[in-house]
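Here's the structure we're looking at; comments come further down.
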Amino acid sequence: QVQLVESGGGLVQAAGSLRLSCEAPGGIFSRYAMGWFRQAPGKVREFVAAISWSGEKSYYADFVKGRLTISRDNAKNTVYLLMNSLKPEDTAVFYCAASIYVDYLAHASSYDYWGQGTQVTVSS
């Protein structure tokens, strides 16, 4: 069982910042693209950002609009999501996921492994 472990969530005021981390087993991390999704209460899980296995390509949902940055450190088996200018509507559980694919990374069905999620709450 492959386990992805997210951390870094919490409560932050609007316009604040958070950096989420997700650590994956070393045996798979460097070969997998990594993505972040989020799920707000009463809503479906939606794509946030993804990064290729090499880190050379990144992809973002339209709503990100430059506020979020995905990155990875293959030496540490960790992917990050830096979130700036947070808004109350960003409140959600954020999940990281690993995909063997190089395309269709905005689709949850492309991912093989998922973390348990970390709660992000943005107060107004």
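The values are calculated or read from the model by the stated rules, or taken from the named source; none is laboratory data. Note that this is a predicted model, so its numbers are computed, not measured. Neighbour counts run over all protein chains shown; Cβ positions are idealised from the backbone, glycine included. These accessible areas exclude ligands, DNA and RNA; they are computed on the full protein's heavy atoms, side chains included. Shrake-Rupley method; radii C 1.70, N 1.55, O 1.52, S 1.80 Å.
From the list 75, 49, which one is within 21 Å of residue 31 (Cα to Cα) and surrounded by fewer than 17 Cβ atoms within 10 Å (Cβ to Cβ)?
75
Residue 16 versus (1) assigned to a loop (DSSP other than H, G, I, E, B); (2) open to solvent by 20 Å² or more (accessible area, probe 1.4 Å); (3) modelled with pLDDT of 95 or more: which is the lone unmet condition?
(2)
Would you check which residues across the range 69-114 are over 19 Å from residue 58 (Cβ atoms) and either in a loop (DSSP other than H, G, I, E, B) or not hydrophobic (A, V, I, L, M, F, W, C) (or both) and list them?
Those that are over 19 Å from residue 58 (Cβ atoms) and either in a loop (DSSP other than H, G, I, E, B) or not hydrophobic (A, V, I, L, M, F, W, C) (or both): 86, 87, 88, 89, 91, 109, 112, 113.
Give the residues of the range 102-124 that are out of contact with any Leu (no Cβ under 9 Å at 6 or more places or on another chain) and either loosely packed, with under 15 Cβ neighbours inside 10 Å or within 18 Å of residue 21 (Cα to Cα) (or both), sorted by residue number.
Those that are out of contact with any Leu (no Cβ under 9 Å at 6 or more places or on another chain) and either loosely packed, with under 15 Cβ neighbours inside 10 Å or within 18 Å of residue 21 (Cα to Cα) (or both): 102, 103, 104, 107, 109, 112, 117, 124.
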